[in-house]
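The values are calculated or read from the model by the stated rules, or taken from the named source; none is laboratory data. Values in this document were obtained by computation on a predicted structure and should not be read as measured data. Cβ placement follows ideal geometry from the backbone for every residue including glycine, while neighbour counts extend to all protein chains displayed. Just the protein is used for accessible areas: all its heavy atoms, side chains included, with ligands, DNA and RNA removed. Shrake-Rupley method; radii C 1.70, N 1.55, O 1.52, S 1.80 Å.
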Amino acid sequence: MVGYPLADCWARPPDEAGREHLLADHLRAVAAAMGRPDGDYGKRLRFLAGLLHDAGKASERWQKYIRSSAAERCKGGVPHAFAGAMLFALLLEELLAAWRPAWREKKALLAAGLSLVYFIYHHHGPVPDTVGDYPPWQGEHGAEELFTCDLQGIFALASGYFPELARLEAALVPSELSRKLAGVAAAWKKWQDAALDHIAGELERGNRFAAGARICVVKNRENHRLITGDRLHAAGIDPSRVPGETITAPEAEAALERLETFCAHRKENLHRDGARGELLEMREKSRRAALTALRRNPDARFFTLELPTGYGKTLTALSVGLAAVAAGRASRLIYVAPYLSILSQAAAEISAATGLEILVHHHLAALEKLPAAETDPLEAVAMDTWSAPVVATTYNQFFRALFPERGQHTVRLKGLQGAFVIVDEPQTVAATSWVPFLAVTEAAAQELDCRFLFTTATLPELSGGVFELEPVSLGREDALFDRYRVQSIGSLAEDQLAEKVVETFRVRGATTVIQNTIQDAALVYDRIKALLREDERRRLYFLSGRLTPLHKRARLAEIRRVLDAKEPALVVSTQVLEAGVDLSFRVVFRARPLFPSVIQAAGRCNRHGEGETEPGAVYLFDFRRGGTEDTRRYIYRDVVRREVTDVLLQRTPAFEERASGRLIRDYYRECFRRNPHQGALQKIEAAAYGHWRELAGIDPFGPEHPTCGVFVPRSYDKVPEVVRQGLDYFAVGDPEALWTRYTARGFLGTLDFEDRRRFMALMYQFLVPVPVEVAREVGEPVADRTLLRLRYATYYREDIGLSLVAPADEPLSEQFI
């Protein structure tokens, strides 16, 4: 029995003006976003997939659900995606029979068609594997669930674009429909074998791993078309008319002119503050050389820029990206940084240097886009689709675009199309993630017509059986002179290190100590604090990931203010200071890490070559907690990289900055020789064959131990404007009220998707992520909530946060950021 004709079915409830949103209109719009009814067979299949993806919403049960009250709908949805997958698979069989393509083409169409079946079935959930011996609905849903849909209306809609399907009227009889779907299930294994045979043939063309990466990108792009079309139209936006904001060539040229002026003023200011003239000249020389190299390689898609820390990598990379846009080789810029601290700093610099508006996208970005009284619907999706001229984002968000876990993540591929992507500090990518990252970025460059620039002082090996494109170097400079000297000083325990640091601070001024683990940093901080006089303690600071984001932001700002004023500061930190934070110290103490981190830490020493007659000092030491325990292995688990570091430092216990380029290249060359991580290539091949979960959700920083968020209801005298606006938006005056709202029964269920994201982003400002083992000790659970509340206020210290709270002798608590 059909409860609702397709022509009367809703896709979503009416808007405030009472305008109905009809399902048939939604199906046509998503179909147009995915393919063309008059295109080749592949485009026609995509069009059909869009036309049927939400056909299950025509069921009587779903229509009753969508017409119920908002409170009723909050109790749970009604499955519908299975119906679209069933009907698409049935019509795929009919079309292949009608088209009668050659066997090779049929295998390609089956490979594409079966992937679309899985994408439709899972389009509200995780990105699925696209391989299996049975249809995805087998054992979950049956043909009888289709009988309350207006199948006559759905088939009429499809046959209006596909005359080949006009003879399907017989399938409207329940027994015939059941028989046809049973036939699909019986043929499924044969279809899968044909699809896999097609993929095997594609992998045999050239480098099989590069080909596998391209197959993965193509599949994710197919899913992207479905998810993006569905979401845009659901937001009230016609997917075929989204302009996709870009930078025009004249705008890029104007931004370049402004950048020239900005660089000239920056040079004058740094020179006035005591930076060495030859360093400032080299910055400008390197920038112009990079632009010349770009012009000489107009068709290249992959670039590298290797400059010492402090030599203007960001502005040089920005100049190159704008020049590529001005030359018509790209249409937007995407800047990618490993950490929020770098991202915020770089985004501000890009905006100041170019005058361009920056869309900053990270896990807190939803809080920065609170709805105004009249909001352009495009703004609601611009963040997730990266539909902006300039986007700045983190590695975590960028990896979700390349290795999506959920269909929602694939919408970012829209922004990657035609982009010039600046990847800052790529050496922070974990060794286990590096090879898949290279493979998929190269595939994206080819399939999405984008370009990549890797910029760093310590570039890892770009080989490994993946690259088919030849990376073009835009410059590789060693240091002009020695801003620092690295010296190994042996093993030190907490007390010995504290005494040495305090003595150095009193003589040299600005000093930092960078430890490998949070607990090590906190222990040394307390020892140093005990040795300092009362007046000196006012210049002692601590940084780690065990401070709330608000607390850490304020602490960084205070440190920067003190250093900019040329006042003495003593900072004890984890690696949060190493990559891209524009702070400069006269002396750096660094617990022995891996060799690239030695160079990154040294980049915080005498950064601008200011005013000293001798180089800054970087002291490397083997930290021994309690005099015996080597905690480095908790953080740097790669035995090969630890051993290569140790041999290199044993052979060269002291070196100046000008030797660092040669040493870092020796390090990466030897690491690759001993362990090229070829096993990761097998995951690429497996994903190409349909086992996407092998790559889904790859973390840029490697596997992590599970963490849990602990809410710290600490009030602050001054909070950023965006946080204040968030508190006002949700009508809460302080963190305690925010927590009360979070735990209120039914509150989260009243929020729509966007507001829920905004609320959780606001909550995050007061959270400290800790290992589960630590959370059990310090957190108070609340029924039906994932976050914990700090059990006792005394656990969170004003100076070091939760950095000393951990189970005794528990290695898993050794977080490092």
Report task. Can you work out which of the residues in the stretch 585-598 that are open to solvent by less than 10 Å² (accessible area, probe 1.4 Å) and not in a strand (DSSP E or B) is nearest to ALA565 (Cα to Cα)? Result -> VAL598
Query raised in the report: ASP197 passes all but one of (1) open to solvent by less than 60 Å² (accessible area, probe 1.4 Å); (2) modelled with pLDDT of 95 or more; which number fails?
Result: (1)
Report summary line: Subset of the stretch 1-51, residues among the small types (Gly, Ala, Ser), more than 16 Å from TRP62 (Cα to Cα) and within 34 Å of the chain's Cα centre (by Cα), comes to ALA29, ALA31, ALA32, ALA33, GLY35, GLY42, ALA49, GLY50
Requested in this report: Provide a single number: the residues in the stretch 1-54 that are of a type in the set (Ser, Thr, Tyr) and within 20 Å of VAL117 (Cα to Cα).
Outcome: 1
Query - Filter result for the condition that a residue is surrounded by 13 or more Cβ atoms within 10 Å (Cβ to Cβ) and touching a Cys at 6+ places or on another chain (Cβ under 8 Å), over GLY749, GLY801, GLY779, GLY726 - result: GLY779
Report task. Would you check if there is a residue in the stretch 94-103 being among the basic types (Lys, Arg) and open to solvent by 40 Å² or more (accessible area, probe 1.4 Å)? Result -> yes
Query raised in the report: Are any residues in the stretch 737-777 basic (Lys, Arg) and modelled with pLDDT of 85 or more, and if so, which ones?
Result: ARG741, ARG745, ARG756, ARG758, ARG776
Query raised in the report: What number of residues in the stretch 117-127 are open to solvent by less than 10 Å² (accessible area, probe 1.4 Å) and touching a Phe, Trp or Tyr at 6+ places or on another chain (Cβ under 7 Å)?
Result: 3
Report summary line: Going through the stretch 716-743 in order, the residues found to be within 29 Å of the chain's Cα centre (by Cα) and over 25 Å from VAL782 (Cα atoms) are VAL719, PRO720, GLU721, VAL722, ARG724, GLN725
Query raised in the report: In the stretch 204-213, what residues are in contact (Cβ under 8 Å) with a residue 60 or more places away in the chain and either surrounded by 24 or more Cβ atoms within 10 Å (Cβ to Cβ) or not in a helix (DSSP H, G or I) (or both)?
Result: GLY206, ASN207, PHE209, GLY212, ALA213
Query raised in the report: If a residue has to be farther than 30 Å from GLU694 by Cβ and out of contact with any Ser or Thr (no Cβ under 6 Å at 6 or more places or on another chain) to count, how many in the stretch 128-180 make the cut?
Result: 34
Query raised in the report: If a residue has to be in a loop (DSSP other than H, G, I, E, B) and within 22 Å of GLU349 (Cβ to Cβ) to count, how many in the stretch 549-568 make the cut?
Result: 2
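To keep it simple, each residue is scored yes or no on (1) surrounded by 19 or more Cβ atoms within 10 Å (Cβ to Cβ); (2) more than 20 Å from ALA493 (Cβ to Cβ).
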| residue | (1), (2) |
| --- | --- |
| GLY603 | yes, yes |
| GLU614 | no, yes |
| TYR619 | yes, no |
| ASP630 | no, no |
| ARG641 | yes, yes |
| VAL647 | no, yes |
| PHE655 | yes, yes |
| ALA659 | no, yes |
Report task. For residues that are assigned to a loop (DSSP other than H, G, I, E, B) and over 30 Å from the mean Cα position of the chain (by Cα), scanning just the stretch 788-817, find the one that is modelled with the lowest pLDDT. Result -> ASP809
Query raised in the report: Is it the case that the stretch 254-268 has a residue that's in a loop (DSSP other than H, G, I, E, B), closer than 30 Å to ILE350 by Cα and under 27 Å from the mean Cα position of the chain (by Cα)?
Result: no
Query raised in the report: Any idea which of (1) touching a helix residue (DSSP H, G or I) at 6+ places or on another chain (Cβ under 6 Å); (2) open to solvent by 30 Å² or more (accessible area, probe 1.4 Å) is the one CYS216 doesn't satisfy?
Result: (2)
Requested in this report: Under 9 Å between Cβ atoms, at least 6 apart or on separate chains: pull out the pairs that start in the stretch 699-714 with a residue that is farther than 22 Å from PRO436 by Cβ and open to solvent by 10 Å² or more (accessible area, probe 1.4 Å) and end on any residue that is at pLDDT below 85 and part of a loop (DSSP other than H, G, I, E, B).
Outcome: THR707/GLN815
**Report entry** Every pair of residues 6+ apart whose Cβ atoms lie under 8 Å, when the first sits in the stretch 621-646 and is without any contact (Cβ under 8 Å) to a residue 12 or more places away in the chain while the second is among the hydrophobic types (A, V, I, L, M, F, W, C)
**Finding:** ASP630/PHE623
Query raised in the report: Only one residue in ARG167, ARG221 is at pLDDT 90 or above, among the basic types (Lys, Arg) and out of contact with any Lys or Arg (no Cβ under 9 Å at 6 or more places or on another chain). Which one?
Result: ARG221
Report task. Kindly indicate which of VAL440, VAL421, VAL429 is among the β-branched types (Val, Ile, Thr), in contact with a helix residue (DSSP H, G or I) (Cβ under 9 Å, 6 or more places away or on another chain) and closer than 15 Å to LYS219 by Cβ. Result -> VAL440
Query raised in the report: When the stretch 517-561 is examined, which residues are found to be of a type in the set (Gly, Ala, Ser) and more than 17 Å from ASP495 (Cβ to Cβ)?
Result: SER544, GLY545, ALA554, ALA557
Report summary line: For the stretch 504-553, the count of residues that are touching a strand residue (DSSP E or B) at 6+ places or on another chain (Cβ under 7 Å), over 16 Å from VAL581 (Cβ atoms) and among the basic types (Lys, Arg) equals 4
